[in-house]
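What follows is one structure encoded as structure tokens, with my remarks underneath.
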Amino acid sequence: MLSSLSIEEDYWSDKMIDKYKAWYELIKLGNIGSLRKDINDFFKGNILNIMGEEGVFDYLVEEREFEEISKQFNYTDTEFLNELLSVLVNDGVIAMKNNRYIVDTIEHERKLPSIFTEAVIDIWNIHAQFIPNRLRGDFMEFTGGFNLFNWDDALTNRMYGQIRKSAFAYSGVLKKSGKFLDVGCGTGYGTAAIWSYYYENGKINDNGSCIEIIGIDNDKQLLNIAIDEFSSMVKKQLKDKPTENILNNCVPEFLEGNAEQIPFDDNTFDFVYASQVLHWTDAKQAMTEMMRVTKPGGIIFGTQNLYPNANPYNELHFKTVRGAGGFFSKNDMYRWAKEIGVKKIKNATPITVFKIIK
Ligand SMILES: C[S@@+](CC[C@H](N)C(=O)[O-])C[C@H]1O[C@@H](n2cnc3c(N)ncnc32)[C@H](O)[C@@H]1O
């Protein structure tokens, strides 16, 4: 029963030690403030470049109405155009006068954030290049048009690694054993990190102790990487290499499955985890499903960039993908949590690690 529980109150009574643990992992990436600035400059630069190449800023040297812009460039997806223009107006790149858009001069330097590898940059460049198509009503598929090697490389990146570790530390979940679901497991590198953690702590061993871990993703190509490369991923992450016996008998199961329609019965899992996934989905529906498959008292946790800390220029990039609902705010997340009957929810850090108790 939630009626007497103030979820916000619970957030503020969060234990400081958990927050420290979450921060401790994140700051290994460097100065989070300046990293966030560089990331913003990167995504902003991409948008300014691509819209500049389209000729939009030259066109806006004179005041233009929304409909004029839409017609001039054949931008038929007016909802997305409105989002894009709103981001530019809110950031002061273009101005709005009497419901007309106008631009003065644009000065911006696109930076390459130190933690972005070539693969990460490549992925986001492809999204950026697709934005004009998206404005004309077209969509990408998640891995459509991408070199899969880039996704594999990106998700093994130190940035994703530290973000995951921050969530593991904050939730305290890996200290406990239980049936585990990794929603949106992608190439399975995070799943391998979870498995490796349990292995290092003796919870998976040659005496027949296993932990049931299942990874689901709706992208078959990424899942195939997870299946094919799991053994090599854990070997890469572990000093003390697991025996072939363990690797043959106690590996996660990777299945095709949708976050908005999780293919398991109610109350199946002790732990349900989603890292950097919800914004690719209809987040409220995905949270509802994660809640449904979690056992009463079980824990849902993960990472999710939330407004006001989330980056709107980044959001324009990934919203080129069909089904990506986009970033949302902490208030949205807490409101949905309340609506779907969550007992407790808390979060920490600007990247946002969260923990929910059913
Ligand atoms: C940024 S990746 C994160 C992967 C993984 N959680 C990690 O930390 O490495 C996002 C993942 O969400 C998956 N995804 C996107 N929409 C999904 C949906 N509706 N249902 C299940 N998975 C989805 C993508 O295929 C991709 O693997």
Notebook entry, point to check: Given H placed on each backbone N at 1.01 Å, which residues far from ASN311 in sequence or on other chains put an amide H within less than 5 Å of it?
Noted result: none
Item checked: Value at 222 nm in deg cm²/dmol, rounded to 500, when DSSP H runs of n ≥ 4 in the chain each add -39,500 (n - 2.57) -> -14500 deg cm²/dmol
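If R₀ is 30 angstrom, what is the calculated FRET efficiency for the pair ILE121 and ASN245, using the beta carbon separation as r and rounding to 0.05?
According to the calculation, E is roughly 0.15.
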Check: Hey, rough spin-label estimate for GLU109 and LYS37, points 7 angstrom out along Cα→Cβ, what's it come to in nanometres?
Finding: 1.2 nm
Check: What ranking do 82-88, 208-214, 163-169, 345-351 get when scored by the average of other Cβ atoms within 10 Å per residue, highest first?
Finding: 163-169, 345-351, 82-88, 208-214
Next item on the list: Compute the acute angle (0 to 90°) between the alpha-carbon long axis of helix 118-135 and the principal axis of greatest extent of the alpha-carbon atoms of the chain; round to the nearest 10°.
Entry: 50 degrees
Item checked: Per-residue HN-Hα couplings for the range 158-174 [Karplus 6.51, -1.76, 1.60; θ = phi - 60°; Hz; x = Gly/Pro] -> 4, 4, 4, x, 5, 4, 4, 4, 4, 5, 4, 5, 5, 7, x, 5, 6
Notebook entry, point to check: Given the Cα-Cα distance of ASN157 and LYS175 and 0.36 nm per residue of separation, how much length would full extension add, in nm?
Noted result: 4.0 nm
Item checked: Other-chain or far-sequence residues with amide H under 5 Å of PHE328's (modelled H) -> TYR307
Next item on the list: For helix 32-54, report the angle its Cα long axis makes with the longest principal axis of the Cα atoms of the chain; keep it between 0 and 90° and round to the nearest 10°.
Entry: 40 degrees
Next item on the list: Could you check the simple spin-label distance between GLU67 and ASN267, using points 7 Å along Cα→Cβ, in nm with one decimal?
Entry: 5.7 nm
Checklist line | Inter-part distance where the range 138-155 and the range 227-242 are each reduced to a Cα centre, Å | finding: 23 Å
Check: Considering the dipole of the chain built from charges on the beta carbon (Lys and Arg +1, Asp and Glu -1) around the Cα centre, which of THR143, CYS185, VAL293 is farthest to its positive end?
Finding: VAL293
Next item on the list: Using θ = phi - 60° and the Karplus relation 6.51 cos²θ - 1.76 cosθ + 1.60, list the HN-Hα couplings for the range 270-275 in order, rounded to whole Hz, with x at every Gly or Pro.
Entry: 7, 10, 10, 10, 9, 10
Check: Tell me, what HN-Hα J-couplings in whole Hz come from the Karplus equation 6.51 cos²θ - 1.76 cosθ + 1.60 at θ = phi - 60° for each residue of the range 291-301, using x for Gly and Pro?
Finding: 5, 4, 7, 8, 6, x, x, x, 10, 10, 8
Checklist line | Residue among GLY92, LEU48, GLN129 farthest towards the positive dipole end of the range 33-147, charges placed on Cβ | finding: GLY92
Notebook entry, point to check: Which residues in the range 320-344 have a backbone N closer than 20 Å to a point placed 7 Å from the Cα of THR288 along the Cα-to-Cβ line?
Noted result: 323-344
Note to self: Suppose a student asked you for the relative contact order of the chain, using Cα pairs under 8 Å spaced at least 6 residues apart; what percent would you report?
What the structure shows: 20 percent
Next item on the list: Pull up all non-local amide H partners of THR294: gap of 5 or more, or a different chain, and H-to-H distance under 5 Å with H placed in the peptide plane.
Entry: ASN267, THR268, PHE269
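Mind putting a number on the dipole of the chain about its Cα centre? Charges go on the C-beta only, +1 for Lys and Arg and -1 for Asp and Glu, and I need it in Debye to the nearest 20.
I would put it at about 1580 debye.
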Checklist line | Rounded Å value of the spacing that divides the Cα centres of the range 285-358 and the range 60-122 | finding: 27 Å
Item checked: Cα-based Rg / Dmax (Å) for the range 103-225 -> 18.6, 70
Next item on the list: Specify the angular offset, from 0 to 90 degrees and rounded to the nearest 10, of the alpha carbon long axis of helix 16-26 from the longest principal axis of the alpha carbons in the chain.
Entry: 70 degrees
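Between the DSSP loop rule and a limit of at most 15 other Cβ atoms within 10 Å, which trypsin sites (Lys or Arg not before Pro) in the range 231-336 are left?
Numbers: sites: LYS235, LYS236, LYS239, LYS284, ARG292, LYS319, ARG322, LYS330, ARG335; in loops: LYS239, LYS319, ARG322.
Counting only loop positions with at most 15 other Cβ atoms within 10 Å, the trypsin sites (Lys or Arg not before Pro) in the range 231-336 are LYS239, ARG322.
We did not get these values from a lab; they are worked out from the coordinates using the rules stated. Bear in mind the structure is a predicted one, so any value in this text is a computation, not a measurement. Note that we place each Cβ from the backbone using ideal geometry, even for glycine, and neighbour counts take in every protein chain shown.
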